[in-house]
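Visitor: Below you will find the structure I want to go over with you.
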Amino acid sequence: DTAVSQTPKYLVTQMGNDKSIKCEQNLGHDTMYWYKQDSKKFLKIMFSYNNKELIINETVPNRFSPKSPDKAHLNLHINSLELGDSAVYFCASSRESGIRRGNSPLHFGNGTRLTVT
Amino acid sequence: AQSVTQLDSHVSVSEGTPVLLRCNYSSSYSPSLFWYVQHPNKGLQLLLKYTSAATLVKGINGFEAEFKKSETSFHLTKPSAHMSDAAEYFCVVSDLASSGGYQKVTFGTGTKLQVIP
């Protein structure tokens, strides 16, 4: 009955490889996000989708490409992985109605720890 | 402009003593404010939220926070710390972005709470 689930939980890979992280939410939310948490625990928004439409695209290398096949899923594909991509990536979701008022809390997955060697 | 400042990166308290985690914010709009907790190797869990209703907000696990507009603060408190409260705490401000009408969310840098037995 997990609300926001991400796979895999851990991902260890070498520089230059391409990898994907998957996210699914069963809360019926219309908006999904990807956040990156660095080693100092700082959380930075990467992308946000509302009803499968990209609404936030922060300054992120174009090696990162999100894909939302439907509003319950938001996947993150990363090409040509670099050492600096090592971090914990969190998926989150929120209700659309909250977005229009700016007061919708985010519901987070447990994160994917990516280690690039 | 929107920003949030968590005044302490680390707070250490003895078990059974009060907890105070400080947060100041700035926002061009009427903001919503949240506190999240992150236990080691876990995702972020919503503790409580302020969305322009009562200024004293009660959350889970005995935590509460008071919204003080004149001081632009939203400090998190708990009367008596428990060992299980040891975690990272994030203050979050949210409002409608100046363009696009979508929710803009900014995380603080986090406060690590240590509870000493």
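Visitor: Give me the three principal axis extents of chain B from the C-alpha atoms, as integers in angstrom, largest value leading.
Guide: The Cα atoms of chain B stretch 48, 29, 22 Å along their principal axes.
Visitor: For chain A, modelled as a Gaussian network with Cα springs under 10 Å, which listed residue fluctuates most, A:SER48, A:SER39, A:SER20?
Guide: It is A:SER39.
Visitor: In terms of Cα to Cα distance under 26 Å, which lysines are near enough to B:LYS49, apart from those fewer than 8 places away along the same chain?
Guide: A:LYS36, A:LYS40, A:LYS41, A:LYS44, A:LYS71, B:LYS58, B:LYS68, B:LYS69, B:LYS78, B:LYS104, B:LYS112
Visitor: Next up: Using only the Cα atoms of region B:29-80, build the gyration tensor, take square roots of its eigenvalues as a ≥ b ≥ c, and label the shape rounded, prolate or oblate: rounded if a/c is under 1.5, else prolate if a/b is larger than b/c, else oblate.
Guide: prolate
Visitor: Please work out the FRET efficiency for the pair A:TYR10 and B:SER70, using the Cβ-Cβ distance as r and a Förster radius of 35 Å; give the result to the nearest 0.05.
Guide: Details: r = 46 Å, r/R0 = 1.32.
Once the sixth-power term is evaluated, E becomes 0.15.
Visitor: Could I ask something else about it? Please check: in the Gaussian network model of chain B (C-alpha springs, under 10 Å), which one of B:ALA65, B:ALA53, B:ALA86 has the largest mean-square fluctuation.
Guide: So, out of B:ALA65, B:ALA53, B:ALA86, the one fluctuating most is B:ALA53.
Visitor: For region B:1-44 and region A:1-45, compute the distance between their C-alpha centroids and round to whole Å.
Guide: Each part reduced to its Cα centre gives a spacing of 22 Å.
Visitor: Give me the one-decimal nm value for the distance between modelled label points at A:PHE42 and B:TYR29, 7 Å along each residue's Cα-to-Cβ direction.
Guide: So the label points at A:PHE42 and B:TYR29 sit 2.5 nm apart.
Visitor: By the scheme Lys and Arg +1, Asp and Glu -1, what is the net charge of all other residues having a beta-carbon under 12 Å from that of B:GLN114?
Guide: Neighbour charge sum, excluding B:GLN114 itself: -3.
Visitor: I would also like to ask the following. Restricting to DSSP loop positions (anything but H, G, I, E, B) with no more than 15 other Cβ atoms inside 10 Å of their own Cβ, which trypsin sites (Lys or Arg not before Pro) remain in region A:11-117? Please report the intermediate quantities before stating the final value.
Guide: Values: sites: A:LYS19, A:LYS22, A:LYS36, A:LYS40, A:LYS41, A:LYS44, A:LYS52, A:ARG63, A:LYS67, A:LYS71, A:ARG95, A:ARG100, A:ARG101, A:ARG113; in loops: A:LYS40, A:LYS41, A:LYS52, A:ARG63, A:LYS71, A:ARG95.
Filter output for region A:11-117: A:LYS40, A:LYS52, A:ARG63.
Visitor: With a ≥ b ≥ c taken as the square roots of the eigenvalues of the C-alpha gyration tensor of region A:46-117, please select rounded if a/c is under 1.5 and otherwise prolate if a/b is larger than b/c or oblate if it is not?
Guide: prolate
Visitor: List the residues whose amide H sits under 5 Å from the amide H of B:TYR102, counting only those 5 or more places along or on another chain, with H placed 1.01 Å from N in the peptide plane.
Guide: B:ALA97
Visitor: Loop only per DSSP, at most 12 neighbouring Cβ atoms within 10 Å: give me the GluC sites (Glu not before Pro) in region B:1-108, ordered by residue number.
Guide: Hits after loop and neighbour filter: B:GLU71.
None of the figures in this text is laboratory data; all of them are computed from the coordinates on show. Computed from a predicted structure; not experimentally measured. Positions of Cβ are generated from backbone atoms using ideal geometry, with glycine treated the same way; all protein chains shown enter the neighbour counts.
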